[in-house]
Amino acid sequence: MHNIVSVVDETTAQHLQELRRGTVVLACLVTLERPGYGYALLETLADAGFAVDANTLYPLLRRLERQGLLVSEWNTDDARPRKFYRTSPAGRDLAGLLRRDWDALHTAITDLTEGEPS
Amino acid sequence: MTSLTDRYVAATVRSLPETQRADVERELRASIEDDVDARRESGADPETAEREVLIGLGDPAALAARFSERPLYLIGPTNFLFYRRSLITLLAIIVPIAALGSGLVHALTGEGIGSVVAAAVVTALSAAMHIGFWVTLVFAILDWTGASKNGPLVRWNLDMLPDAPEKRALRSDAVTSIVWLGILLAFLVYAQFFPIAWNVDGPVREPLLAPALWGFWLPYLLVLIVAEVVFVLVTYRRGAWSRLLAVVNAVLAAAAVVPIAALALAGDLVNPDFLAAFDWADAENTRSVAGIITAVVALGIGAWDAIDGFVRAARSPRRRRAA
């Protein structure tokens, strides 16, 4: 997915970036149904086609935690202590709402493209 | 780990609130080390891996701003337009008043034109800098404290719509004309009482214009200047030029420049005692050439002003509508 961005011109890249901006939050909330830590999440999202910068993702996780959408816990079992995030019930509710909105947008765009009244 | 990561993490958390600092430091360090390890496993050498990871994270101050959700600008879009309007309004009102006041004080204490102008310029610059600095500071504090999050301080409404373009153009014309007429008036009065030029012996005390002109022509020109101001105000109030206004404008222009040109050609405009203070200006040739140049320039300005009035009248939207 992100290799599309690398070959298109700047204007297109900017539009793509704007379209995807909000989807990172949804991707995080969905992915963190299973607890995960910063760098691992970065890898998971990159593999799934969400090319998020590390300096965007780490502050984002803290913001979502502050908003009560994620909960965190330090895991000190490994040699390297890591902060694990998990989606909270409020985060799950928001993810559901965002997905419904996403689906509604998809339907709306499809209808517009095919010229049918929505 | 090595000192680069230590320095990076320290630089990032330095500006964060005390309560977050330890937690962010620990997490950021782990994330950096994870990334470095991943790169080493795929074959990069440790030092290069660390450098790449830190360069990828970018300026630690920017990262810190993202952690603390602080803006990376001085004045955000919420209040920027209000900021710009405030700044322009204050500059436009205070700077000229300050410059004029300072120039006036220096002029009244009998200083030469050079130091009067210098005082006015210095005052204008320092007033502009003060206004710029303090207004910007107040708005930056508003953004910094998050007060701008509640929306703009002044909401835009329809009353703030600017006047129609013709009206705006007329107003700026009126302001420009009145400022120039004011400067001319001030100069005529000032040149009568204070030296405006210097020769090798110091300031030239003789007035520039021939003293005999006070018998009739200078009072006449002063009255014309006042009439011109009234004319400019009437034009502005009417909101558009008309054929009648153009004729009045041409008459006023002719009434001013024809006598000036005639006086200049006859050599009666400039005070001979004033010219006598300068060796180079004292010759008969210089005087007649200067007189001709003055006359030509005066007539040129007058003709241009008169023609300009008729052009404006022809272009006036009100006339077009009436036609």
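Among the basic types (Lys, Arg), out of contact with any Ser or Thr (no Cβ under 9 Å at 6 or more places or on another chain), crowded, with 16+ Cβ neighbours inside 10 Å and away from chain B (no Cβ under 14 Å): does that describe residue A:20?
Yes: the conditions hold for residue A:20.
Report yes if some residue within the stretch A:43-57 is within 14 Å of chain B (Cβ to nearest Cβ), touching a Lys or Arg at 6+ places or on another chain (Cβ under 7 Å) and surrounded by 12 or more Cβ atoms within 10 Å (Cβ to Cβ); otherwise report no.
Checked the stretch A:43-57: at least one residue is within 14 Å of chain B (Cβ to nearest Cβ), touching a Lys or Arg at 6+ places or on another chain (Cβ under 7 Å) and surrounded by 12 or more Cβ atoms within 10 Å (Cβ to Cβ).
Among the residues of the stretch A:52-78, what is the count of those that are of a type in the set (Val, Ile, Thr) and more than 17 Å from residue A:31 (Cβ to Cβ)?
1
Report whether or not residue A:91 is crowded, with 17+ Cβ neighbours inside 10 Å, under 22 Å from residue B:66 (Cβ atoms) and touching a residue at least 60 places away in the same chain (Cβ under 8 Å). First the steps, then the outcome.
Details: crowded, with 17+ Cβ neighbours inside 10 Å: yes; under 22 Å from residue B:66 (Cβ atoms): yes; touching a residue at least 60 places away in the same chain (Cβ under 8 Å): yes.
Criteria met by residue A:91.
If I ask for residues that are surrounded by 16 or more Cβ atoms within 10 Å (Cβ to Cβ) and at pLDDT below 90, which ones from the stretch B:30-70 would you list? Working first, answer last.
Going residue by residue through the stretch B:30-70, those that are surrounded by 16 or more Cβ atoms within 10 Å (Cβ to Cβ) are B:30-36, B:38-39, B:44, B:49-50, B:53-54, B:57, B:60, B:63-67.
Correct list: B:44 only.
Can you go through B:258, B:229, B:248 and tell me which one is exposed (fewer than 15 other Cβ atoms within 10 Å of the Cβ) and not acidic (Asp, Glu)?
B:258
Report whether or not residue B:124 is surrounded by fewer than 17 Cβ atoms within 10 Å (Cβ to Cβ), closer than 30 Å to residue B:189 by Cβ and out of contact with any Pro (no Cβ under 6 Å at 6 or more places or on another chain).
no
Return the residue satisfying two criteria in turn: it lies in the stretch A:67-91 and is among the charged types (D, E, K, R) and not in a strand (DSSP E or B), and of such residues it is nearest to the other protein chains (Cβ to nearest Cβ). Show your work before the answer.
Residues of the stretch A:67-91 that are among the charged types (D, E, K, R), as a first pass: A:73, A:77-78, A:80, A:82-83, A:86.
When the remaining residues are screened for being not in a strand (DSSP E or B), the result is A:77-78, A:80.
Values: A:77: 13, A:78: 10, A:80: 6 Å.
Within the stretch A:67-91, the match that is nearest to the other protein chains (Cβ to nearest Cβ) is A:80.
Working only within the stretch A:59-118, note down all residues that are touching a helix residue (DSSP H, G or I) at 6+ places or on another chain (Cβ under 8 Å) and among the hydroxyl-bearing types (Ser, Thr, Tyr).
Correct list: A:72, A:85, A:87, A:118.
Taking the stretch A:23-41, which residues are within 14 Å of chain B (Cβ to nearest Cβ), hydrophobic (A, V, I, L, M, F, W, C) and within 17 Å of residue A:75 (Cβ to Cβ)?
Once the filter is applied, which keeps residues that are within 14 Å of chain B (Cβ to nearest Cβ), hydrophobic (A, V, I, L, M, F, W, C) and within 17 Å of residue A:75 (Cβ to Cβ), the stretch A:23-41 yields A:40, A:41.
Among the residues of the stretch B:5-15, how many are of a type outside the set (Gly, Ala, Ser) and at pLDDT below 90?
First, the residues of the stretch B:5-15 that are of a type outside the set (Gly, Ala, Ser): B:5-9, B:12-14.
Filter again for at pLDDT below 90, leaving none.
Result for the stretch B:5-15: 0.
For the condition more than 9 Å from the chain's Cα centre (by Cα), part of a helix (DSSP H, G or I) and under 20 Å from residue A:100 (Cβ atoms), what is the one hit in A:42, A:64?
After applying the criteria, what remains is A:64.
Whether any residue in the stretch B:134-141 is crowded, with 16+ Cβ neighbours inside 10 Å, within 30 Å of residue B:236 (Cβ to Cβ) and modelled with pLDDT of 85 or more is what I want to check.
Of the residues in the stretch B:134-141, the ones crowded, with 16+ Cβ neighbours inside 10 Å are B:135, B:139-140.
If we keep only those that are within 30 Å of residue B:236 (Cβ to Cβ) too, we end up with B:135.
Next cut, modelled with pLDDT of 85 or more only: B:135.
Yes, that holds for at least one residue.
If you take the residues of the stretch B:282-317 that are loosely packed, with under 13 Cβ neighbours inside 10 Å and closer than 16 Å to residue B:244 by Cβ, which of them is modelled with the highest pLDDT?
The selected residue is B:311.
More than 21 Å from residue B:306 (Cβ to Cβ) and surrounded by fewer than 17 Cβ atoms within 10 Å (Cβ to Cβ): does that describe residue B:204?
Here the answer is no, as residue B:204 does not meet what is asked.
Considering only the stretch B:293-306, how many residues are without any contact (Cβ under 8 Å) to a residue 40 or more places away in the chain and touching a helix residue (DSSP H, G or I) at 6+ places or on another chain (Cβ under 7 Å)?
2
Cβ-Cβ distance below 8 Å, separation of 6 or more or different chains: which pairs start in the stretch B:110-133 with a residue that is farther than 22 Å from residue B:93 by Cβ and end on one that is modelled with pLDDT under 95 and in a helix (DSSP H, G or I)?
Once the first residue is farther than 22 Å from residue B:93 by Cβ and sits in the stretch B:110-133, its partners that are modelled with pLDDT under 95 and in a helix (DSSP H, G or I) give B:111/B:119; B:113/B:190; B:115/B:106.
The values are calculated or read from the model by the stated rules, or taken from the named source; none is laboratory data. Model, not experiment: these values are computed from the prediction. With ideal geometry, Cβ positions are generated from the backbone for all residues, glycine too; neighbour counts draw on all protein chains shown.
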